[in-house]
1. Could you check the spin-label model distance between Phe378 and Val395? Points 7 Å from the Cα along Cα→Cβ, value in nm.
2. What order, most packed first, do the peptides 66-74, 354-362 have when packing is the mean number of other Cβ atoms within 10 Å of each residue?
3. Between Asn41 and Glu150, what length comes free when the chain is fully extended (0.36 nm per residue of separation minus the Cα-Cα distance, one decimal in nm)?
4. Tell me, what ³J(HN,Hα) does each residue in the stretch 170-177 have, in order and in whole Hz, if you take phi through Karplus 6.51 cos²θ - 1.76 cosθ + 1.60 with θ = phi - 60° and put x for Gly and Pro?
5. If you wrap a convex hull around the Cα atoms of the stretch 287-399, how much volume per residue is inside, in Å³?
6. When you count, for each residue, the other Cβ atoms within 10 Å and take the mean per peptide, how do 370-377, 174-181 rank with the highest first?
7. Which of Asp133, Asp275 has the fewest other C-beta atoms within 10 Å, and how do the rest follow up to the most?
8. If the cut-off is a Cα-Cα distance under 18 Å, which lysines reach Lys165, setting aside same-chain residues fewer than 8 apart in sequence?
Amino acid sequence: MSSSLSTSSLFLLSCILLIQMVVGVNPLFHFCSSSNNFTSNGPYETNLNKLMGDLYFKTPPTGFGLGSIGQYQTRASGLALCRGDVSSTDCKSCVVEARGEIRRRCPSNKAAIIWYDNCLLKYSDVDFFGKIDERNKFYMYNLRNVSYPEYFNTEVKKLLSKLSKKAYVSPKLYATGGSELGESKKLYGLVQCTRDLSSVDCKKCVDGAINELPSCCDGKEGGRVVGGSCNSPMNIHKNHPTISSIKVIIMSSSLYTSLFLLSCILLVQVVMGVDPLFHFCSTSSNFTSHGPYETNLNKLMGDLYFKTPPTGFGLGSIGQYQTLASGLALCRGDVSSTDCKSCVVEASGEIRRRCPSNKTAIIWYDNCLLKYSDMNFFGKMDEQNKFYMYNLRNVSNPK
């Protein structure tokens, strides 16, 4: 193979892997409650939107977040859990995807749950914290059978039981490990619980899932029992796995290859995104971390995430007096609702990173702007926040 062809092959493979990252993955499974629905734009939905905003900010730093908003019939309780080995960045991406997807799939259900490979997100109008979820459960398994099922099943139970004991004394209620299966293969396992459970209930949940494995995955090379409170996947791999599922077709025409590479470069730009055009952080007033103003600000960000994309504009206020947080988001008029949503999500995260304790801030992107303050600025022309951008090229006839 020539060096140019080899380079093109590697580049095309990289591009295909990148496309997989862009497209993302579908949810593993989801359930929508069938017993109770809420009224569109009513108090329960308002609280649910605020809760989704809270989980977006609470979950990524530690991999787990939970909370409740409202009371009585309008109370929304929820949690999000990321797999124990997932980075905070990937955790945040998964929670953002999950909260949008579950609202699309269960648009008026008061209780719902969705699982991805990297995270789960769950909410309800009933307080479920600290209780093992026996209701929401599904199975996944590899279609391949092992050649020695009795020995294999014994080794699976032995490994997962060991991990169960390890997980329930871990602060994250999470454990992974492996064991040898002969000379060329290894068995891998993972157990994890939502951290609202006590350590005792975590072990009880995981042990129950382990006992269910033979019912769904007897003699299978891989399988998992996934629930709303815990899960226990296992699978086997050769010690030196190879990539066998990706097939690369090298086009013989250099023109086609060039066009493909150009498309990939454009795709890289989409993946990497763009930096903000500009931002300002107020210097006059700061808030206390985890205080009432930040709580209201987090809820406000959740509101703007849901309010803005349908029309390209959203605004709102949460709290009162010194804890009042007011904000708005505006997308450029020709931007699609999907791109608008992506921009608002990016802006709400980036402005909090750049202005971590400022009560007033504004950020501009090419597709949107987002602004918030402890002062009510609605209906007033903003003369303070302004910047200029210009092209370095001069025209030939300036007059």
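Every number here is computed from the coordinates shown, using simple stated rules; none is lab data. Remember, it's a predicted structure, so these values are computed and weren't measured experimentally. All Cβ positions, even for glycine, are placed from backbone atoms using ideal geometry, and neighbour counts span all protein chains on display.
1. For the pair Phe378/Val395, the computed spacing is 4.0 nm.
2. Ranked by mean Cβ neighbours within 10 Å, highest first: 354-362, 66-74.
3. Details: separation 109, 0.36 × 109 = 39.24 nm, distance 5.51 nm.
The span from Asn41 to Glu150 would gain 33.7 nm if fully extended.
4. 8, x, 8, 6, 8, 7, 10, x
5. Taking only Cα atoms, the stretch 287-399 has a hull volume of 136 Å³ per residue.
6. 370-377, 174-181
7. Ordered by Cβ neighbours within 10 Å, fewest first: Asp275, Asp133.
8. Lys157, Lys203, Lys204
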